[in-house]
Amino acid sequence: MTHSSRPPQSQDLVAITSASNPQVKALKSLERKKGRREQNAFLAEGARLISEALAHEWEPVTVIFGPDGQSRPASQELIHQAENKGARPLLVNDRLLGSIARKENPQTLLATFRPKYRPLSELTKQDVASGTFVGLYQIRDPGNLGTILRTSDFAGVQGVILIGDCCDLYSLEAVRASMGSLFAMPIYFASEDEFLSWKQDTGIPMIAASMNGTVAHHEADYGDATLILMGNEQSGLPPHVEAACDTLSRIPMREGADSLNVGIATALMIYAALQKRGYDFT
């Protein structure tokens, strides 16, 4: 690993101990969407997530650590990597570390990063000629969103599209639930109108999970390229969006069962498509 020649700033820091410190206040405000928007930054907790973010060239803003993190060789390495990519180091005591992370027993290392907002227009007709893509229509639960990103990354999904009024991708809950997959997975943003227009322009076959489905999810024709569309946790997909789909599929369930968690339902759909392609991840 090659580092810049300048000495790491973190070696000369004095620990911040006051909750009224302006830097600490700014970091704590990242728990709210307003704070993330105002600062154009979000929080990632733990060495695993920070390592993933740096490996995928996300821009670090601040790297935050306690005395334990400062003294551990593995943490020191990540701190130096973040510094060399422009991050400002911040040493705080353990109490403030937990306050920033909103946990009683936080990881010894935190970092903030600049968010990315890829417009759907970046995803061209050529880009969607093969593989599986996932569209999420007004998903509201950050835990579900993070879980779907983790599954999509694991299963080799080519990209995830957030449509309309989804929950904040960069909330602490969504970032945690993704277990680092947020940094590896191409994620695109679109309004409902932008998405429907893009679908028409690209011609990608779209299959939705729906209670109105007429074919079992594992029997549907996913083809060489497929966009799997999943609806809102409470209301699913509106009729006009279902009408834009090429196939409506239904996940078989026992009579009298209520519903299936959207994270699990998405996983079933993704793996049905993957099975149809002989589990070919290319």
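The condition (being open to solvent by 20 Å² or more (accessible area, probe 1.4 Å), more than 13 Å from residue 137 (Cβ to Cβ) and in contact (Cβ under 8 Å) with a residue 24 or more places away in the chain) is satisfied by just one residue among 247, 226: 247. Scanning the range 136-189 for residues that are free of Cβ contacts under 8 Å to residues at least 60 places away in the same chain and assigned to a loop (DSSP other than H, G, I, E, B) yields 158, 164, 165, 166, 167, 169, 185. Checked against (1) touching an Asp or Glu at 6+ places or on another chain (Cβ under 9 Å); (2) open to solvent by less than 30 Å² (accessible area, probe 1.4 Å); (3) of a type in the set (S, T, N, Q), residue 266 passes all but condition (1).
Scanning for something surrounded by 19 or more Cβ atoms within 10 Å (Cβ to Cβ) and in a strand (DSSP E or B), does the range 272-280 turn up at least one residue?
Initial filter on the range 272-280 (surrounded by 19 or more Cβ atoms within 10 Å (Cβ to Cβ)): 272-273.
Now drop any that are not in a strand (DSSP E or B), which leaves none.
No: zero hits.
Given the criteria touching a residue at least 24 places away in the same chain (Cβ under 8 Å), in contact with a Leu (Cβ under 8 Å, 6 or more places away or on another chain), among the small types (Gly, Ala, Ser) and farther than 30 Å from residue 205 by Cα, does residue 51 qualify? Considered against the rule, which asks whether it is touching a residue at least 24 places away in the same chain (Cβ under 8 Å), in contact with a Leu (Cβ under 8 Å, 6 or more places away or on another chain), among the small types (Gly, Ala, Ser) and farther than 30 Å from residue 205 by Cα, residue 51 comes out as yes.
Among the residues of the range 58-92, just one is open to solvent by 10 Å² or more (accessible area, probe 1.4 Å), at pLDDT below 90 and part of a loop (DSSP other than H, G, I, E, B), namely 72.
The values are calculated or read from the model by the stated rules, or taken from the named source; none is laboratory data. Not measured: the values here are computed from a predicted model. Positions of Cβ are backbone-derived with ideal geometry, glycine not excepted, and every protein chain shown enters the neighbour counts. Quick note on the areas: whole protein, heavy atoms, side chains included, nothing else; ligands and nucleic acids left out. Shrake-Rupley method; radii C 1.70, N 1.55, O 1.52, S 1.80 Å.
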